[in-house]
Amino acid sequence: IGDDAKEAGELGILNLKRILEKLMEWTTEEGENYDELGELYGQVVNQFNRYNGHVVSNIGGVYEYYKTADQDGAVYTHTEKEKQQRAVKFLSDHLFATPSWLVDADILGRIQQDGLVERMRTIQVRILNRLTREDMLMRIIENEAINGSDAYTITGLFSDIRRGIWGELYNGRKIDTYRRNLQKEHINRLGDLTDLEEEEYANSDIPSIAMATLSRVERDVRSGLARRLRGPKLYRHLESFIGE
């Protein structure tokens, strides 16, 4: 698989799922407590975080090729558009869509009395914040300015993130607790990006595109609510985002 972080991550997650299925068998002995089980479960979560971190590095990424003046080609080139799109889809499929395989009741009931919801929120929000980091967004804007339609654009990125986080508005599926938390954090992050203080970022396209994305989410939420009049409780939490 070479340097393809997406393929490596997908294979790695398959292995983590297999490991998780065996953790109880491998770590528990009669008369012993569950300390080893808790430690290894934490290592599985940390490895999952690493896979996501490797993938997100492709987005807004820049290759550096060490060359001398007699060698052809640029020293710095941006990551290919298709590779960045695949990276965002990986995160949408494996992280933003609740990784329910980590929610193993048999394990969690033995290693912690609470905290799973916050742990999951932290995992997801860490990557969401990296996806929308101001310096990374500026590299994406610069890539578009240099390479035009061959570049992965900031509007494309924000659109892909929105569809990955708000999919229930389009497919009508139930929104679980973890997704509600992620959606709230997405709204908060977009709000932060509309009010940037550092001049370099405040004068860029970032605030206006963040505001446009918030407006699109509002429209989609209203449409979703209208389609779900027979079951409004499903989307009631969204009303706090858009007001009455």
Open item on the list: Among Asn129, Leu37, Ser215, which residue has its Cα furthest toward the positive end of the charge dipole of the chain, with +1 on Lys/Arg Cβ and -1 on Asp/Glu Cβ?
Closed with: Ser215
Open item on the list: Starting from 0.36 nm per residue, how many nanometres of slack lie between Ser208 and Trp26 once their C-alpha separation is accounted for?
Closed with: 60.3 nm
Open item on the list: Per q in 0.17 Å⁻¹, report the Debye log10 I(q)/I(0) for the range 106-233, using one uniform scatterer on each alpha carbon and no solvent.
Closed with: -0.96
Task: Compactness of the range 181-230 - radius of gyration and Dmax, Cα, Å - done: 13.5, 47
- [ ] Quote to one decimal, in nm, the extra length available between Tyr34 and Glu82 on full extension: 0.36 nm per residue of separation minus the C-alpha distance between them.
- [x] 12.8 nm
TODO: Evaluate the distance, in nm, between pseudo-label points positioned 7 Å from the Cα of Arg130 and of Thr177 along their respective Cα→Cβ axes.
DONE: 2.6
- [ ] Report the residue, chosen from Arg50, Arg179, Arg18, that carries the largest GNM mean-square fluctuation when the chain is represented by alpha-carbon nodes joined by springs under 10 Å.
- [x] Arg18
Task: Among 201-210, 30-39, the order from most to least packed when residues are scored by Cβ within 10 Å on average - done: 201-210, 30-39
Task: Cα-based convex hull volume of the range 113-178 per residue, rounded to whole Å³ - done: 85
Task: Normalised alpha carbon radius of gyration of the chain [divisor 2.2 N^0.38 Å] - done: 1.16
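None of the figures in this text is laboratory data; all of them are computed from the coordinates on show. Not measured: the values here are computed from a predicted model. Note that we place each Cβ from the backbone using ideal geometry, even for glycine, and neighbour counts take in every protein chain shown.
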